[in-house]
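Here is the structure we will look at, set down as structure tokens.
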Amino acid sequence: MLSNALIIDDDLDVQLLGKMLLRQQGYEVVTAGSLGQLARQPALLNAELILLDFGLGEFTGLDILDYLHDLHLKASILLISSCSQETAESAIAAGKAMGFHMLGFLPKAKLLTDLALFLEPLKTAHRTPTSDDLAKAIREKQLFLAFQPQVDLQHAPQQDQIIGVEALVRWQNPERGVLYPDSFIPLAEQSGLMIPLTWYVIDLALQQQAQWLSQGWKLNLSINITAAFIQEEGMLEVFDQLTQQHQTVLSHITLELTETVGVECLGYASYVLKALRDRGCKLALDDFGTGHSSLTQLYRLPFSELKIDRSFVSLIDQDQDALVITESIIDLGKRLGLTVVAEGIETAAQHAILVEAGCAEGQGYFISRPLTAAAFSAWMCERSQTHAMTAQNESMLARRNAC
């Protein structure tokens, strides 16, 4: 059973009624009356269930959803409001698009009689994983990798030559099925499990590279690491042991520095990253333009690659500001001599814009979703066959035209 709930409503009577009803359902309840209060008291957001009013003075429920999304928070959300059904459906669709579990729309007039009905599905839902569950998952090897293809956007834009993959961790949870990083990476960070989790992922990734090399596939493999990981005592020695064990080709490894937590000591981080670069690894600043990324990090740390965050890329065919920011990052990266990679390419229009803007590499659902190792191998073989048939047809057409 979920334990923490948050009511976001500027009506004190609704707050009191909702608090009473949720406590009857076994929840610990806190309340907030505005977006400003949430910004000033972020601890209020430690909730698995949120009752959200749509109208909040100068702001709306959509502003709240944007804020929760920017913080990478996940929760079950029930929209409570006096708004129209059409407005509610639009807000629910927006919440679902952001990855939230939207429970539906409950008019405030029916709060007393119908709230329990909306909460009933949560009673049978699997419990939220704990740090003990995650530690057990690492010990018992319940985690596996999915691989999202990365393509060369410039040298073969018509064929999108596959040049590498990004390794993305998944958790095959025995109770809840496959879990994605958003549902357990924050747990790993809060419980001190991020470093053992990172080592586990690196080990899996290096095993996979060795297998692909044995098949003749010289793909670049990108692996996410954190600031805490590069600051871990003895990290370089353990890294050397692992790479020697797997006979890793380090020139085909890119380490992507994620930015859930900022780099506290740039001097020490620079020392470690330079040591990794000297070993042959490429280094990428991930999710550039969001979170803790900064021009200071870009200036002081020895990156060879810059990854544009999907929050910009996925909007460049719809939003002029997102397009300007993306083009500016591409230009900045090129001026600094960095390889620029666009994440989150979702449409043909976005792909075409990035090619025209001179972005070097890209990845996203338009190219392929993340695939298990077996599915990726099948996908690669299918692409190879398709390209061979296309080349054969073009050759035959050229010979006919020559005649």
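The values are calculated or read from the model by the stated rules, or taken from the named source; none is laboratory data. Predicted model, so just to flag it, every value in this text is computed and none were measured. We place every Cβ from the backbone using ideal geometry, glycine too, and count neighbours over all the protein chains shown. Ligands, DNA and RNA are stripped out before the accessible areas are found, and what is left, the full protein with its side chains, is counted by its heavy atoms. Shrake-Rupley method; radii C 1.70, N 1.55, O 1.52, S 1.80 Å.
Quick notes on this structure:
- For the chain, built as a Gaussian network whose Cα springs stay under 10 Å, the top-fluctuating residue of Phe147, Phe100, Phe59: Phe59
- For the chain, a Gaussian network of Cα nodes joined below 10 Å ranks Gln150, Gln208, Gln318 by mean-square fluctuation, and the top entry is Gln318.
- Lys/Arg +1, Asp/Glu -1 at C-beta; the chain dipole; positive extreme among Ala188, Tyr200, Thr130: Tyr200
- Geometric descriptor of the chain, per residue, is 178 Å³ (volume of the convex hull of the Cα atoms).
- Solvent-accessible area per residue for the chain (1.4 angstrom probe, square angstrom): 50
- Estimated dipole of the range 311-381 in Debye, rounded to 20 [Cβ of Lys and Arg +1, of Asp and Glu -1, Cα centre]: 300
- Carbon/sulfur fraction of accessible area - the chain, other protein chains in place, 1.4 Å, %: 52
- Dipole magnitude of the range 1-144, debye to nearest 20 (Cβ charges: Lys/Arg +1, Asp/Glu -1, about Cα centre): 620
- Given +1 at the Cβ of Lys and Arg, -1 at the Cβ of Asp and Glu and no other charges, the dipole of the chain around its Cα centre is 1100 debye to the nearest 20.
- For the residues Lys74, Lys307, Lys141, a 1.4 Å probe over the protein chains yields an accessible-area ranking, largest first, of Lys141, Lys74, Lys307.
- Reach of Lys96 by Cα under 27 Å, taken over lysines that are not fewer than 8 positions away in the same chain: Lys19, Lys74, Lys108, Lys110, Lys123, Lys307
- Tilt relative to the chain, helix 320-335 - C-alpha long axis, 0 to 90 degrees, to 10: 40
- Mean-position separation - Cα centroids, the range 155-226 and the range 40-65, in angstrom: 33
- Each of Gln24, Leu106, Leu257 was placed along the dipole of the chain (beta-carbon charges, centred on the mean Cα), and the one lying farthest toward the positive end is Leu257.
- Shape call, the range 1-107: gyration tensor on alpha carbons, a/c limit 1.5: rounded
- Modelled FRET efficiency - R0 35 Å, Ser251 with Asp182, Cβ distances, 0.05 increments: 0.65
- Percentage relative contact order, the range 58-111, counting C-alpha pairs under 8 Å, at least six apart: 43
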